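Since the structure comes first, as structure tokens, the remarks are kept for the end.
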Amino acid sequence: MNKRGIIILYTDFSRDWLPLLKVCGINKLGLHALYCNGGVEGIMQWLSKEEVRKDIDFFEENGIEVEYELHALDWLLPRSLFAAHPDWFRMNDLGERTKDWNCCVSNEEGLSYIERSAFRYAELLAQKSHNYYIWRDDTKDGLCHCEQCKKYNGADQNMLVMKHILKGIKQYDPQAKLSFLTYQDSFDIPLITPDKDMFLEFAPIERNHFVSIIGKDAQNEKNREILERLLKIFPAETAQALEYFLDVSLFCQWQREKAGPLQIDEKRLNADVAYYSSLGIKNISTFAAFMDCEWLQRYGTNAIETYGKIVNEIE
Ligand SMILES: [Zn+2]
């Protein structure tokens, strides 16, 4: 694989990660934020500290690309605007405007607001990489059901927002490329043509994580079908698989006190990575949320080493 990434919570980031990433041949570190840590605002505050910037520079000087993968719509379109502009927000399936998740994807004023916020977002991140991962909110039932939006499936609702976000970040970074995330509500095939500077990011959270994605399993078959159809729309060479192989948080249902060891099956991991590679996907990352120093001391580094070995072996 060309890009061999792991994604951790920014609250678990420290310089101690660097030797481990180097030993494992991991060349991309994604930083992620949970809503309980302030989401985008939390990570932006953290990034404004000089010592944090120095640490990130240190990783990049040592060959690790640092990127930010964040659910950001609530930051791009603050919910405090709801009282003044309810039409900028989504209509739920009861026909009520609500500020709970995401936005209306047909309201041009709201979309323009998001576009301008995306410029500020890129400016505050001030990242070296040209790859941006600015995702919609982390929810499953967050589509807009208004008269104009209800004709769009989840992937197209995502696409309409992403086109504006891309326009906004390009004003800051003309070389910017933006992730088109296939996950939860947007786990579908878009009918609207993507911009040439969007790349597919496929996050199969609802796959069966305990058997290989290539086997006979209804959930995995569905995931493969969607991915293979998406690759007729998005180029495989820029596509990224976003997996959950090392995601301690998923396997304890995001209850940190229950974080336990990972069951890493080398054969399964190998088959999964080989499958992505066979489709022409050369960029892979895995979530590793809740994998912090304490976890690593307790359960060791075998799982991450196994992942590193496989993504380095498979081209
Ligand atoms: Zn709408």
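Just so you know, all these numbers are worked out from the coordinates, no wet-lab data involved. Quick caveat, the model's predicted, so the values are computed rather than measured. Every residue, glycine as well, gets a Cβ built from its backbone with ideal geometry; the counts of neighbours run over all protein chains shown.
Remarks
- Scan of the range 136-152 for residues that are within 13 Å of the ligand (Cβ to nearest atom) and of a type in the set (Lys, Arg), ordered by number: 150, 151
- Helices (runs of 4 or more DSSP H) enclosed by the range 191-281 - at least 3 residues per element that are of a type outside the set (Gly, Ala, Ser) and free of Cβ contacts under 8 Å to residues at least 24 places away in the same chain: 218-230
- The number of residues in the range 88-119 being surrounded by 16 or more Cβ atoms within 10 Å (Cβ to Cβ) and not polar (S, T, N, Q) comes to 17.
- Members of the range 88-98 that are assigned to a loop (DSSP other than H, G, I, E, B) and within 13 Å of the ligand (Cβ to nearest atom): 89, 92, 93, 95, 96
- Complete set of residues in the range 153-182 that are within 14 Å of the ligand (Cβ to nearest atom) and not in a helix (DSSP H, G or I): 153
- Taking every residue in the range 44-55 that is surrounded by 11 or more Cβ atoms within 10 Å (Cβ to Cβ) and pairing it with any residue that is basic (Lys, Arg), at least 6 positions away or on another chain, the pairs with Cβ-Cβ distances below 9 Å are 47/53; 55/15.
Residue-wise test of (1) touching an Asp or Glu at 6+ places or on another chain (Cβ under 7 Å); (2) polar (S, T, N, Q); (3) farther than 30 Å from residue 120 by Cβ.
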| residue | (1), (2), (3) |
| --- | --- |
| 168 | yes, no, no |
| 171 | no, yes, no |
| 188 | no, no, no |
| 196 | no, no, no |
| 266 | no, no, yes |
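- Being under 30 Å from residue 286 (Cβ atoms), within 16 Å of the ligand (Cβ to nearest atom) and within 21 Å of the chain's Cα centre (by Cα) holds for only one residue in 47, 70, 77, and it is 77.
- Residues of the range 183-199 classified as within 16 Å of the ligand (Cβ to nearest atom) and within 18 Å of the chain's Cα centre (by Cα), total: 2
- Verdict on residue 242 being over 27 Å from residue 123 (Cα atoms), of a type outside the set (Gly, Ala, Ser) and under 18 Å from the mean Cα position of the chain (by Cα): no
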